[in-house]
1. Using Cα-only point scatterers and the Debye equation, what is log10 of I(q)/I(0) for region 62-204 at each q in 0.15 Å⁻¹, rounded to two decimals?
2. Which value, in Å², gives the accessible area per residue of region 67-170 when a 1.4 Å probe is used on the protein heavy atoms?
3. Apply the Karplus curve 6.51 cos²θ - 1.76 cosθ + 1.60, θ = phi - 60°, to the phi angles in region 103-110 and return the couplings in whole Hz, x for Gly and Pro.
Amino acid sequence: MESNSLDFKINIQPKMLTEHVEPDVDLTVDKYDAVYQNTQQEEEVETAHKDLLIQEYDITEAAHPFYCVAALALTSIPGLSFILLQDVIHAYPLVIILQLAQFLLLKNYLGLKLIGLRWWIEMNINGEQKWMFQTQSQEQSNKVDRYFFWACLIYGSIFWGIMCLGDVFGFKIFWLPLPIICFVLSLTNLQGFYKCRGEHKKKLQQLKREMAKGGMNIVGMIMK
């Protein structure tokens with residue numbers, strides 16, 4: 001009897017193992033950390049700006065808090081009276097008197113106290129207008145005093161300008177002349193102090209040049 005031999009071929013292939021790479025968690029964390037740090041820095045800068053703005057208008061840091069409050073009250077009262085009064089007959093004289101008082105007091109008194117400046121206009125023989133300026137030393141001037149004074153001038157002019165536009169678009173013909181008068185007074189005061197400040201800066205620059213020139217002359221004399 002013949003014996004049959006069975007050949008068994010076993011094909012064993014090695015199992016291919018795929019390498020599993022963990023995601024780089026550190027890079028993702030670093031990315032979010034950078035975004036968080038940038039956001040935190042922006043918040044800190046915004047907070048610093050807000051704190052600086054508060055410090056600029058901190059009445060407790062003012063050298064003349066009474067004059068700052070007076071300037072604010074003189075600027076606010078005419079506007080509040082204009083808004084609250086509904087009777088044209090009573091509103092016209094009251095608001096004009098209040099605005100004129102604000103104009104004169106800021107121009108002739110509070111300007112000197114808070115920022116060391118004053119202006120006025122003179123007429124020459126030919127009838128031409130000439131701007132005149134009075135400046136005081138501003139070395140000891142207070143930052144809060146300056147901010148309060150300029151804020152009263154600027155925001156007062158903006159307020160009356162808005163009131164003029166409101167009356168124009170609201171077709172309030174009888175009310176329109178009143179905010180126009182107040183706007184002209186506020187804008188004239190702002191223009192006068194702006195010119196006065198420019199003249200003061202020119203004087204300071206000229207004084208610095210003269211002092212530098214004098215110092216050079218003294219050095220030249222010593223070197224001889």
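1. Relative scattering, expressed as log10 I(q)/I(0), comes to -0.78.
2. Details: 5860 Å² over 104 residues.
So region 67-170 comes to 56 Å² accessible per residue, rounded to a whole number.
3. Taking θ as phi minus 60°, the curve returns 4, 6, 5, 5, 6, 9, 10, 5 Hz for region 103-110.
The values are calculated or read from the model by the stated rules, or taken from the named source; none is laboratory data. Since the model is a prediction, treat every value here as computed from it, not as a measurement. For accessibility, only protein heavy atoms count, side chains too; no ligands or nucleic acids. Shrake-Rupley method; radii C 1.70, N 1.55, O 1.52, S 1.80 Å.
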